[in-house]
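Inspection log for the structure reproduced underneath, given as structure tokens.
The values are calculated or read from the model by the stated rules, or taken from the named source; none is laboratory data. Keep in mind that this is a model prediction, so the values were computed, not measured. Note that each Cβ is placed from the backbone with ideal geometry, even for glycine, and that neighbours are counted across all protein chains shown. In case anyone asks, the SASA skips ligands and DNA or RNA and just uses the protein heavy atoms, side chains included. Shrake-Rupley method; radii C 1.70, N 1.55, O 1.52, S 1.80 Å.
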Amino acid sequence: LNDGTINFRLDNQERTLEKDISHKEWLHQIAYLSQQPYFFSGSVRENMTFNAQDGAFNIEEFENLVDRIGLRDCLGSRPLDFELNEGATNLSGGQQQRLAFIRAIRRDQPVLIMDEATSALDHKNRELVFDLLRQRAEKGVNVLLITHDREIAERCDTRLDMRTR
């Protein structure tokens, strides 16, 4: 960053922002998950795909993720058909975060940014999500995890502590 350039690895190649890839192209490589994800009134399927008709939705993978992070009980036997209220107020904060997590990782982007995305999760569910994040990282996904949770931060490969003294 000394000369103002931003270098990164993408597809196992060194890249420079604006030289090798435009900002717009770079943004299309990112999946983002905020602390308070947004859901609109509609089915889980519509919220997962934003009602896109591209046919690229992997139902088996989705169902597997629902089971792995414990959403089957609240979403039922047909989780894609579960109807969400505006803001998903018919789910708890932790359930919302886990569902938003599935939405973010199913995009399968090389960069995943999570901003306090496990803050509403209990220890057990935080572990389930972290295990999935670790698996993604092992497959080459760049996971940027913003957290106040020291326990989670200590388990990350690289940490940047932004505490003020």
Report summary line: Those residues of segment 65-92 that are of a type in the set (Gly, Ala, Ser), closer than 24 Å to Asp131 by Cβ and either assigned to a helix (DSSP H, G or I) or open to solvent by less than 10 Å² (accessible area, probe 1.4 Å) (or both) come to a total of 1
Query raised in the report: In the list Leu128, Leu145, which residue meets the criterion of being closer than 18 Å to Gln95 by Cα and open to solvent by less than 70 Å² (accessible area, probe 1.4 Å)?
Result: Leu128
Query raised in the report: List, please: which pairs have Cβ atoms under 7 Å, are six or more places apart or on different chains, and start with a residue in segment 25-40 that is closer than 20 Å to Ala137 by Cα and in a helix (DSSP H, G or I) and end with one that is of a type in the set (Ser, Thr, Tyr) and open to solvent by less than 30 Å² (accessible area, probe 1.4 Å)?
Result: none
Report task. For segment 93-143, enumerate the residues that are touching a residue at least 60 places away in the same chain (Cβ under 8 Å), among the basic types (Lys, Arg) and in a loop (DSSP other than H, G, I, E, B). Result -> Arg107
Report task. Just give me the residues in segment 12-24 being within 14 Å of Asn142 (Cβ to Cβ) and either at pLDDT 75 or above or open to solvent by 50 Å² or more (accessible area, probe 1.4 Å) (or both), in sequence order. Result -> Asn12, Gln13, Glu14
